[in-house]
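Enquirer: Pasting a structure below so you can have a look.
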Amino acid sequence: MMIKGSIRCFSSSSRALRAGYSTVEPVHHLVKIRKAALKPGYKDLLIPKNDIRAVGFKPEEICQDRVHEHYVNTIQSDMLLHFYEHDAKVIEGNKKRSWGTDSPYALYRNLKKPKGLSKPTKDIHPVTYKNIPELKSIVINAYNSDALDESWLNISTKLQLSQITNVKPKQLYNKSNVLPWKVREGKPCGAKVELTGRDMNQFLSTLTELVLPRIRTFKGIKNTSGDSNGNISFGLTSEDVKYFPEIENFQELFPNLFGFHITFKTSARTDEQARTLLSSYGFPFYNPA
Amino acid sequence: MLSKVNLRAYSSAVKPSSISSTLLLSRNPVITADIPKFEDQYFKYQNELWRRLMWTFPKWFYYRVGTLSEQRFRELNKRPLYNNPNIEYPRGRPEIRQERDRRFKQEVILPKTYEENKSSEDEEAAANTSMSRKITPNSRTTKADESGDTSSLERKLARTLYLVINDGKSWKFPNFSLQSTEAVKPLHLLAEEGLYQIGGKNINYFNVSNTPCHLINKDDSKEYLIKSHILSGQFVPQQSLKFMWLTKEELSEHLDATYFKEVEHLLNEI
């Protein structure tokens, strides 16, 4: 091996074996960058898991995706027609406002809050072939307050989620201190998992075909649900969770079951569009009294 | 001269054109699409790869030691070849971890929830009662496919089917025009009433939008196409009308060539 540089070394191996280093210029002295994580040796870890070059390669396209086929073949073109509006215009969202240009003090000042609201809202574009609402991901959030007392219940929660979804869940931690509830910052309190792609579609069909039809008290998702940005959520209790076939057939293995919240993240811009999308996947909706 | 022709007048004395509404009633695919052989092989290959790379089945979790189910599981799944250090293995040394040979994919045989070698009558009786019955998928082809019955809704389950009717002269999509004596009606209602008239009320259908999906503009007529899906029920012809449920390819054979070219892009490939 050739030695770079002109300085003579007694050993060439020490230089060759030295770990790579990053040449990232500091962005700002206040922005912390863990440079160790940018080591070229870690680059392989950034390759997505469904790529054959990835370290933990896991083939994803192992069979036909029924739900995705339905979306592409039927739902997509229907949604385009359904949301067609003649002479549709972009509905502008409530934006942050300028402080005006009359004062030099306002030049670099943070923008003023939007009128009447604390948060700015996004523009609503008419639906064209480019932005047909699509289900991006499903987030299952199982906050477990029982786990604050008995921390081993965190393991049960994670096990239950991974059993249902086939994806490794993430541990949740409390963010704030509320002493009457025994909530302390940094305390583990349940788990969450974000499903995309095939796992999401599998979960979706299990939910609409096997679980929800068997829940007697289930009327549908509330029409009032939604964050007005096209994300809709509803909850399942620990009683309802029993109907997942993965749990139903191994009931003695899951003595502690926990309910969770399911959030559908869609690329729809309004809740109305998101509801239409979800109902085309087979979710019923109802008006709460 | 040219600019005069293009100039838009405030009013013009055109002939009153007849407005009609055409129903594009489709039955959506019931089963997964037929895929090319290559794609099928790709899925099979990926599936095998997935099984090969899969983690060892945690039998210690699902089948607890000392239970009856564990005993049944043990009977079905024999231990792999023991890695004896004193033996030379010509086909490679077994790599045993957690009672699994890591050189190969793990094949887990689960105890059946139903009894094998039962008579068909017993099975049928059990099928209606037991949740743990054997699941046998239905055939992808149906009776209607075999007999070539084009008026059945149960043909070509993997494809989108469209309703066409025969008015004695040619095959076409059901078209309904407004009678001059009637009051003006929205296009989708015109299509709905017309459908119930020719096909009976026994149809549960979903109208995708009140907006037509296409307009065929002719000199003396405007034909609007209304898209909808049949969800349940049957099309039962009322006045000895001939009708068919056809796929896109079959439509190209039965419809008028210029008409088909006009509506081709509206029809589903799958």
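The values are calculated or read from the model by the stated rules, or taken from the named source; none is laboratory data. Source: prediction; values computed, not measured. Cβ placement follows ideal geometry from the backbone for every residue including glycine, while neighbour counts extend to all protein chains displayed. The area values use the complete protein model at the heavy-atom level, side chains included, leaving out ligands, DNA and RNA. Shrake-Rupley method; radii C 1.70, N 1.55, O 1.52, S 1.80 Å.
Enquirer: For segment B:251-270, how many residues meet the condition of being assigned to a loop (DSSP other than H, G, I, E, B), crowded, with 16+ Cβ neighbours inside 10 Å and under 22 Å from the mean Cα position of the chain (by Cα)?
Expert: 3
Enquirer: Related question: Just the residues that are out of contact with any Pro (no Cβ under 8 Å at 6 or more places or on another chain) and within 12 Å of another protein chain (Cβ to nearest Cβ), please, taken from segment A:37-51. Reasoning before the result, please.
Expert: Of the residues in segment A:37-51, the ones out of contact with any Pro (no Cβ under 8 Å at 6 or more places or on another chain) are A:37-49, A:51.
Answer for segment A:37-51, where residues must be out of contact with any Pro (no Cβ under 8 Å at 6 or more places or on another chain) and within 12 Å of another protein chain (Cβ to nearest Cβ): just A:K49.
Enquirer: Can you give me the number of residues within segment A:108-130 that are open to solvent by less than 90 Å² (accessible area, probe 1.4 Å) and touching a Phe, Trp or Tyr at 6+ places or on another chain (Cβ under 7 Å)? Break it down into steps so the answer makes sense when it comes.
Expert: Step one: of segment A:108-130, the residues open to solvent by less than 90 Å² (accessible area, probe 1.4 Å) are A:112, A:114, A:116-118, A:120-121, A:123-124, A:126-128.
Keeping just the survivors that are touching a Phe, Trp or Tyr at 6+ places or on another chain (Cβ under 7 Å) gives A:112, A:127.
Number satisfying all stated conditions: 2.
Enquirer: Need at least 2 residues that are at the interface with chain A (Cβ under 8 Å from one of its Cβ atoms) and of a type in the set (A, V, I, L, M, F, W, C) per element, so show me which helices (runs of 4 or more DSSP H) inside segment B:35-77 make the cut, counting only ones lying wholly within it.
Expert: Output list reads B:37-53.
Enquirer: Ok, one more. Would you mind listing the helices (runs of 4 or more DSSP H) fully within segment A:143-246 where at least 3 residues are touching a strand residue (DSSP E or B) at 6+ places or on another chain (Cβ under 9 Å) and closer than 30 Å to A:H125 by Cβ?
Expert: Numbers: elements: A:146-149, A:153-165, A:197-206, A:238-241.
Qualifying helices (runs of 4 or more DSSP H): A:197-206.
Enquirer: Could you tell me whether any residue of segment B:196-207 is among the polar types (S, T, N, Q), within 14 Å of another protein chain (Cβ to nearest Cβ) and at negative phi?
Expert: yes
Enquirer: Condition check: surrounded by 14 or more Cβ atoms within 10 Å (Cβ to Cβ), in contact with a His (Cβ under 8 Å, 6 or more places away or on another chain) and either within 24 Å of A:F234 (Cα to Cα) or not aliphatic (A, V, I, L, M) (or both). Does A:I140 satisfy that? Lay out the reasoning, then the answer.
Expert: Details: surrounded by 14 or more Cβ atoms within 10 Å (Cβ to Cβ): yes; in contact with a His (Cβ under 8 Å, 6 or more places away or on another chain): yes; either within 24 Å of A:F234 (Cα to Cα) or not aliphatic (A, V, I, L, M) (or both): yes.
Yes; evaluated as a whole, the condition is true for this residue.
Enquirer: Condition first: among the basic types (K, R) and either loosely packed, with under 11 Cβ neighbours inside 10 Å or at pLDDT below 75 (or both). Now tell me which residues in segment B:96-132 satisfy that.
Expert: B:R97, B:K118
Enquirer: Just for segment A:63-107: of the residues that are away from every other protein chain (no Cβ under 11 Å), β-branched (V, I, T) and touching a residue at least 24 places away in the same chain (Cβ under 8 Å), which one is least open to solvent (accessible area, probe 1.4 Å)?
Expert: A:V90
Enquirer: Ok, one more. Against the conditions (1) within 11 Å of chain B (Cβ to nearest Cβ); (2) surrounded by fewer than 10 Cβ atoms within 10 Å (Cβ to Cβ); (3) part of a helix (DSSP H, G or I), where does A:G56 fall short? Just the number, please.
Expert: Only one criterion is unmet by A:G56, namely (3).
Enquirer: Of the numbered conditions (1) free of Cβ contacts under 8 Å to residues at least 12 places away in the same chain; (2) open to solvent by less than 30 Å² (accessible area, probe 1.4 Å), A:P133 satisfies every one except a single condition; which is it?
Expert: Of the numbered conditions (1) free of Cβ contacts under 8 Å to residues at least 12 places away in the same chain; (2) open to solvent by less than 30 Å² (accessible area, probe 1.4 Å), the odd one out for A:P133 is (1).
Enquirer: Right, here's the next one. Please give the number of the condition B:K248 fails out of (1) open to solvent by less than 40 Å² (accessible area, probe 1.4 Å); (2) modelled with pLDDT under 90.
Expert: (2)
Enquirer: Within segment A:239-260, identify whether any single residue is modelled with pLDDT of 95 or more and open to solvent by 50 Å² or more (accessible area, probe 1.4 Å), and answer yes or no.
Expert: no
Enquirer: Based on this model, can you work out whether B:Y224 counts as more than 14 Å from chain A (Cβ to nearest Cβ), under 17 Å from B:F176 (Cα atoms) and in contact (Cβ under 8 Å) with a residue 60 or more places away in the chain?
Expert: Answer is no for this residue.
Enquirer: So A:I132 fits all but one of (1) touching a strand residue (DSSP E or B) at 6+ places or on another chain (Cβ under 8 Å); (2) assigned to a loop (DSSP other than H, G, I, E, B); (3) within 14 Å of chain B (Cβ to nearest Cβ); what number is the exception?
Expert: (1)
Enquirer: Condition check: within 30 Å of A:A289 (Cα to Cα), away from chain B (no Cβ under 14 Å) and open to solvent by 80 Å² or more (accessible area, probe 1.4 Å). Does A:T224 satisfy that?
Expert: On the way: within 30 Å of A:A289 (Cα to Cα): yes; away from chain B (no Cβ under 14 Å): yes; open to solvent by 80 Å² or more (accessible area, probe 1.4 Å): yes.
The answer is yes for A:T224.
Enquirer: Next question. Would you point out the residue of segment B:61-95, among those that are touching a residue at least 12 places away in the same chain (Cβ under 8 Å) and closer than 30 Å to A:E248 by Cβ, that is most open to solvent (accessible area, probe 1.4 Å)?
Expert: Of everything passing the filter in segment B:61-95, B:R72 is most open to solvent (accessible area, probe 1.4 Å).
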